[in-house]
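*Asks:* Just passing along the structure, written as structure tokens.
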Amino acid sequence: MFIEDIRNDFYNVLLGNRVLLLVHYDVDAVCACKILQDLFKCDNISYTLVPVGGISDLKTAYDENNEEIKYVVLVNCGGTIDLVDILQPEEDVVFFVLDSHKPTDICNVYSDGQVRLIYKDDEENIPNFDDIFRDDDEDEEEPEPEPERRSALEAAAERRRARKAWEERRHALMFNYTQFSYYGKPSACVALEIAARASRCTTATLWSAAVAAAAHEALHNRSPARCLLDAEPLHRYVAAAQRHTADDDTHRVARVSVEKDASLPLYRLWSLEGALRHAGALAPLLRLHARSGAARLRQLLADMGFPLQQARQAYRSMDVELRRSMLTALEAAAPKYKLPVPTRATFLLHRPHAPPLSALDMVYAIMALIEHETIPRAEGFQHALAALQVTGENEALKLGAAAARRALEAVARLANSILSSRGLMLAGPFNYFIVQEV
Amino acid sequence: MFGEKVIELLKEAERNSDTIDLYNDEKIRQIIQEMHILFKMNMDDANATTENKSLWTTVQVRHSALERNKRCLLAYLYNRMNKIKTLRWEFGSVLPPDVRELLSDSEYEWFSKYSTNLASYMRSLGEDIGYSGIDLTENLRPPKSLYIEVLCVTDYGKLELEDGDVIMLKKNSRHYLPTEECQTLIRQGVLKQII
């Protein structure tokens, strides 16, 4: 069942109860979890947070922690599976599901109160209840009186036919509904809505939601138009928060703002050349795998008016003039190389006494922390949560940024070597290549 | 000179005003002896010369010295008593043996009485509203928050909270728990506080 009122039917129900929070390993889930945690902290709702990575993980986590727990909140997991069937919970346990994975399992949708879905996506074409479920009364037919036997037989045949037709229809509906999996609105944006309804919209909340929105955009989980629509309430809240901050406070407190920024991953924490070389949106168009690719990149930098020496050193230590003119130079130089528009409106976090941070960089850092090469996933999850904090020294972010750079470099190296060694197979609608295990 | 010893005693106590030091039995005995001598001399002089007023000044001076000694001793004891009172709040009803050695017998007796008084008072608190007492020594300063966020560092197993809830402490799970329940586990290194 879907929840009507996100505040009264979800948040207020949790007040004063112990909550089990099961969170999936992805950027959106980490952000949503951070928002919920902050809310729970404000209201002294004691919770247990366990990150889960799959259905078996979900099961063990639930089995280990279900004692005395009446409310379970699932973030980005559990929506697409029949929870009651898989977890076998007690009658009075209630599951709140905040999942951006679609399509939602039909049994969850039509559960009578045990599974409650927090957000209803209008894009989902959920089949009607009557088309899917039907009371089976065929076998309980009463023996009809003798004279009407013939007509009864006909009626029974008619019913069977109708049932057969219905079954076919159900099958087609279910097939259409479940054949593609896709993503819905980011969970963190829904969590932001809860925070806003509870009047607890802080900078940390806005920042988490902004990172989640950026994640869905950067990972192409949603079409760009949808991303824009998803972020619309976020834009509103950011603008409202900016209005509330007094002018003399702007340099003393952390704040989120929307600004035009280059969509190069991690360029603030890297060098300009490095970021250009590894940007997923630009590098392939510069054909860096080809022999002339490096020259083309240098040409682009020359067109932008950036000396190689400057472009190769850390962005933070680049000439201030160059840094200021970077966006316009990049925009001006891009069309010549048939690159897409390299700038877009992004969320930036301005912290006192620290360089601004872009939501896009945060996405890559969190992903790198969760899928770090040496840190186990559960520990990486804790680091990812720590990286989302807006104030103070952020060691986790540094760790994440370094790991993200390594990951991007490895991906670029692999892609380039596959392309240059002609390892890419073209097979009809799919292109594929084989990654050798190291 | 009269009253010299008592000043020494006070100065000694003054040197470390934050901590309590050994009950100076020897010195106090000496001071009391001095007071006895003074008193005896005064008695003799007063008895001997009821008419001879020339000795009255001497008696007066001795008496002042006597009074002063008494006052200083009382100050010394009172000061120690206050320190012992804070010991109760800091250490609880059982003193560590090294602190116990610093107290005199009568001081220790006072401590036990104070301790019992305090305990019975704390038990009586909130009786009318159904609580079975409040431990006042727990939070001497108001806590910043009743709950803290902790990260479990090792696989510990089950933990039963005061309200009967059972929590599974497994590595890398986060919990938001009442501060008092976690403190011992944090000290043991099972949990880590997240700020």
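The values are calculated or read from the model by the stated rules, or taken from the named source; none is laboratory data. The structure presented is a predicted model; accordingly, all values stated were derived computationally and were not measured. Because the Cβ atoms are built from the backbone with ideal geometry, glycine has one as well, and the counts that use them run over all protein chains shown. Ligands, DNA and RNA are stripped out before the accessible areas are found, and what is left, the full protein with its side chains, is counted by its heavy atoms. Shrake-Rupley method; radii C 1.70, N 1.55, O 1.52, S 1.80 Å.
*Asks:* Heavy-atom accessible surface, probe 1.4 Å, ligands and DNA/RNA ignored: which residues of the range B:152-195 lose at least 50 Å² versus the isolated chain?
*Replies:* Residues losing area: B:Asp165, B:Val166, B:Met168, B:Asn172, B:Arg174, B:Tyr176.
*Asks:* Report the Stokes-Einstein translational diffusion coefficient (µm² s⁻¹, integer) for chain A, Rh taken as the Kirkwood radius over Cα pairs, at 10 °C with viscosity 1.306 mPa s.
*Replies:* 64
*Asks:* Could you give the Stokes-Einstein D for chain B in µm² per second, using the C-alpha Kirkwood radius, 20 °C, 1.002 mPa s?
*Replies:* 98
*Asks:* Please determine, in degrees from 0 to 90 and to the nearest 10, the orientation of helix B:25-48 with respect to the longest principal axis defined by the Cα atoms of chain B, where the helix direction is its Cα long axis.
*Replies:* On a 0 to 90 degree scale, this one is about 30.
*Asks:* Note the angle between two axes, namely the Cα long axis of helix A:187-197 and the longest principal axis of the Cα atoms of chain A, as a number of degrees from 0 to 90, rounded to the nearest 10.
*Replies:* In chain A, helix A:187-197 runs at an angle near 90 degrees to the longest axis.
*Asks:* If you don't mind, there's one more thing I want to ask. Take the Cα atoms of the range B:147-193, find their three principal axes, and give me the spread along each one in whole Å, biggest first.
*Replies:* Here the Cα extents, ordered largest to smallest, are 24, 17, 16 Å.
*Asks:* Provide the solvent-accessible area of B:Met35, counting protein heavy atoms only and rolling a 1.4 Å probe, rounded to the nearest 10 Å².
*Replies:* 40
*Asks:* With an 8 Å Cα cut-off and a minimum separation of 6 or more residues, compute the relative contact order for chain A in percent.
*Replies:* 15
*Asks:* What longest region of chain B stays clear of trypsin sites (Lys or Arg not before Pro) that DSSP places outside H, G, I, E and B and that have at most 14 other Cβ atoms within 10 Å?
*Replies:* It works out to B:1-143.
*Asks:* With the solvent-accessible surface defined on protein heavy atoms using a 1.4 Å probe, which residues belonging to the range A:373-403 display a reduction of at least 50 Å² in accessible area in the multichain context relative to the isolated chain?
*Replies:* Relative to the lone chain, where solvent access is computed with a 1.4 Å probe, the range A:373-403 loses at least 50 Å² at A:Gln382.
*Asks:* For A:Lys70, which aspartates and glutamates qualify as cross-link partners when the Cα separation must be under 19 Å and same-chain residues fewer than eight apart are set aside?
*Replies:* A:Asp9, A:Asp43, A:Asp82, A:Asp85, A:Glu90, A:Glu91, A:Asp92, A:Asp112, B:Glu160, B:Glu162, B:Asp163, B:Asp165
*Asks:* I would also like to ask the following. Using a probe of 1.4 angstrom, how much of the accessible area of the range B:4-124 is carbon and sulfur, in percent?
*Replies:* 56
*Asks:* May I pose another question? Heavy atoms only, probe 1.4 Å: what % of the accessible area of chain A goes to carbon and sulfur, would you let me know?
*Replies:* Accessible surface attributable to carbon and sulfur in chain A totals 51 percent.
*Asks:* Loop-only trypsin sites (Lys or Arg not before Pro) in the range A:282-391, please: DSSP not H, G, I, E or B, and at most 13 other Cβ atoms within 10 Å. Display every interim value, and only then the final one.
*Replies:* Numbers: sites: A:Arg287, A:Arg291, A:Arg296, A:Arg298, A:Arg312, A:Arg316, A:Arg323, A:Arg324, A:Lys336, A:Lys338, A:Arg344, A:Arg377; in loops: A:Arg287, A:Arg291, A:Lys338.
Here the sparse-neighbourhood loop sites are A:Arg291, A:Lys338.
*Asks:* Per residue, how many Å² of accessible area does the range A:245-432 show with a 1.4 Å probe?
*Replies:* 51
*Asks:* Let a ≥ b ≥ c be the square roots of the eigenvalues of the Cα gyration tensor of the range A:244-346; is it rounded (a/c under 1.5), or, if not, prolate (a/b larger than b/c) or oblate?
*Replies:* Cα axes put the range A:244-346 in the prolate bin.
*Asks:* Enumerate the lysines that B:Lys70 could reach by cross-link, defined here as Cα to Cα under 24 Å, with residues fewer than 8 away along the same chain left out.
*Replies:* B:Lys5, B:Lys11, B:Lys27, B:Lys40, B:Lys83, B:Lys85
*Asks:* Using the heavy atoms of the protein chains alone and a 1.4 angstrom probe, what is the accessible area of the range B:4-124 per residue in square angstrom? If you can, show how the numbers build up before the last one.
*Replies:* Numbers: 8270 Å² over 121 residues.
Normalised by residue count, the accessible surface of the range B:4-124 is 68 Å².
*Asks:* Let me ask another. Could you give the angle, 0 to 90 degrees to the nearest 10, between helix A:359-370's Cα long axis and the longest principal axis of the Cα atoms of chain A?
*Replies:* 70
*Asks:* If you don't mind, there's one more thing I want to ask. As a test of reading the structure, rank B:Trp56, A:Trp166, B:Trp110 by solvent-accessible area (1.4 Å probe, protein chains only), most first.
*Replies:* The ordering from most to least exposed comes out as B:Trp56, B:Trp110, A:Trp166.
*Asks:* In whole angstrom, how long is each semi-axis of the equivalent ellipsoid of the range A:1-149, when you take the square root of 5 times every eigenvalue of its Cα gyration tensor and sort them from largest down?
*Replies:* Semi-axes, largest first: 36, 17, 15 Å.
*Asks:* Shifting gears a bit: Using a 1.4 Å probe and counting only protein heavy atoms, arrange B:Arg141, A:Arg161 so the residue with the most accessible area comes first.
*Replies:* B:Arg141, A:Arg161
*Asks:* Quote the total accessible area buried by chains A and B together, excluding ligands, DNA and RNA, probe 1.4 Å, nearest 100 Å².
*Replies:* Adding both sides of the contact gives about 1700 Å².
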